[in-house]
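Structure record follows, encoded as structure tokens.
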Amino acid sequence: MFREYIAQLIKYDKKFIVIGNKNAITYKEIFSLIRNEKIWIGYRNINSDIWFVVPEDYEYEKIVNGFKLKHIMGCWFTNLDTTKRHEQLILYKKYSPEEYPHYDNYDAIEVSKVAEIPMDWYGAMGVPITFINKYNPKQFEIIALGITGSIKFSCEKKMEILKDGQFTGKFTVNAKGTLYRKYNPDKDVKLPAFKDTKTGELYSSIFARVIIRKIGDR
């Protein structure tokens, strides 16, 4: 009921701080609110888990000082202003086509780590959803979420789905509506996820990305 609860708070113009799963960033309704600067992420690091004390008969993951604990991949969602959302993300890397490959089905480059956003690239780029933790609306523009329904993909190839690098005989168009790029066996840790049925080329599927653009002079 996370979507409905946040929508109700917004409807009645309430100020709030709410704990939620960080994957809620990818919910269409929540992402739209973030993009339109209606809500943002609080001070807590989005990459740090939140641990809760649970009842004696509840499923748990560890015991600390006699208390049973369970965690969620959580963060704070809020519309209370913070100094954090006005901080500039320090950029130090420069763009190179070798290090920042373009997606095959959308005009943007892949940036696999938020800390490695190139300082001299002003086009669109896909960054991990943890970028929202560093989002400053005066430094970056959020364009869309890199999934079907949020962006229009530039090509629609018929792909065979791979599982653990093995062919499955199952097919999809446009890699199930996700961003993808050509598989690089020398650099990619994960096995390829798709094969182009026409060319035989292998592709890596990209986990949820936020499409952003730097604001400022070129």
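The values are calculated or read from the model by the stated rules, or taken from the named source; none is laboratory data. Since this is a predicted model, take the numbers as computed values, not measurements. All Cβ positions, glycine included, derive from the backbone under ideal geometry; neighbour counts span all protein chains shown.
Among the conditions (1) over 29 Å from ASN45 (Cα atoms); (2) assigned to a strand (DSSP E or B), the only one that LYS198 does not satisfy is (2). Residues that are assigned to a strand (DSSP E or B), surrounded by fewer than 14 Cβ atoms within 10 Å (Cβ to Cβ) and not basic (Lys, Arg) within the range 163-191 comprise GLN166, PHE167, THR168, GLY169, PHE171, VAL173, listed in sequence order. Hey, does the range 32-42 have a residue that's touching a strand residue (DSSP E or B) at 6+ places or on another chain (Cβ under 7 Å) and assigned to a strand (DSSP E or B)? Yes, the range 32-42 has at least one match. LYS28 falls short on exactly one of the conditions (1) surrounded by 14 or more Cβ atoms within 10 Å (Cβ to Cβ); (2) in contact with a Ser or Thr (Cβ under 8 Å, 6 or more places away or on another chain); (3) of a type outside the set (A, V, I, L, M, F, W, C), and that condition is (1).
Criterion applied to ASP186, ASP164 was being more than 19 Å from the chain's Cα centre (by Cα) and either under 30 Å from ASP49 (Cβ atoms) or among the polar types (S, T, N, Q) (or both), and the one residue passing it is ASP164. Taking first residues from the range 75-103 that are outside any strand (DSSP E or B) and partners that are of a type in the set (A, V, I, L, M) and surrounded by 15 or more Cβ atoms within 10 Å (Cβ to Cβ), the Cβ contacts under 6 Å between residues at least 6 apart in sequence or on separate chains come to ASN79/ILE39; LEU91/ILE117; TYR100/ILE109; TYR103/LEU179. Looking across the range 90-137, the residues that are surrounded by 15 or more Cβ atoms within 10 Å (Cβ to Cβ) and of a type in the set (D, E, K, R) come down to LYS93, GLU99, ASP104, GLU110, LYS134.
Among the residues in the range 111-120, are any among the small types (Gly, Ala, Ser), in the same structural domain as LYS134 (by TED's automatic domain parsing) and more than 26 Å from GLY20 (Cα to Cα)? Steps first, please.
As a first pass, look at the range 111-120 and keep what is among the small types (Gly, Ala, Ser): 112, 115.
From the residues that got through so far, the ones that are in the same structural domain as LYS134 (by TED's automatic domain parsing) too are 112, 115.
Going one step further and asking which of them are more than 26 Å from GLY20 (Cα to Cα), we end up with none.
Within the range 111-120, none of the residues are among the small types (Gly, Ala, Ser), in the same structural domain as LYS134 (by TED's automatic domain parsing) and more than 26 Å from GLY20 (Cα to Cα).
Just one of the listed residues (GLU156, GLU160) is in a loop (DSSP other than H, G, I, E, B) and in contact with a strand residue (DSSP E or B) (Cβ under 7 Å, 6 or more places away or on another chain), namely GLU156.
Of note, PHE77 satisfies the criterion of being in the same structural domain as ILE6 (by TED's automatic domain parsing) and at pLDDT 95 or above.
Every listed requirement among (1) under 16 Å from the mean Cα position of the chain (by Cα); (2) over 30 Å from ASP196 (Cβ atoms) is met by ILE109 save one, (2). Considering (1) assigned by TED's automatic domain parsing to the domain that holds ILE206; (2) under 16 Å from the mean Cα position of the chain (by Cα), the lone condition that LYS22 does not fulfil carries the number (1). Pairs are defined by a Cβ separation below 7 Å, a sequence spacing of at least 6 or placement on different chains, a first member in the range 177-205 that is assigned by TED's automatic domain parsing to the domain that holds PHE153, and a second member that is in a loop (DSSP other than H, G, I, E, B) and of a type in the set (Lys, Arg); the pairs so defined are ASP196/LYS157; SER204/LYS190.
Looking only at residues in the range 192-207 that are in contact with a Leu (Cβ under 7 Å, 6 or more places away or on another chain) and within 30 Å of LYS22 (Cβ to Cβ), the one that is surrounded by the fewest Cβ atoms within 10 Å (Cβ to Cβ) is PRO192. Quick check, is ILE215 touching a residue at least 60 places away in the same chain (Cβ under 8 Å) and either closer than 16 Å to ILE25 by Cα or of a type outside the set (Asp, Glu) (or both)? Yes; evaluated as a whole, the condition is true for this residue.
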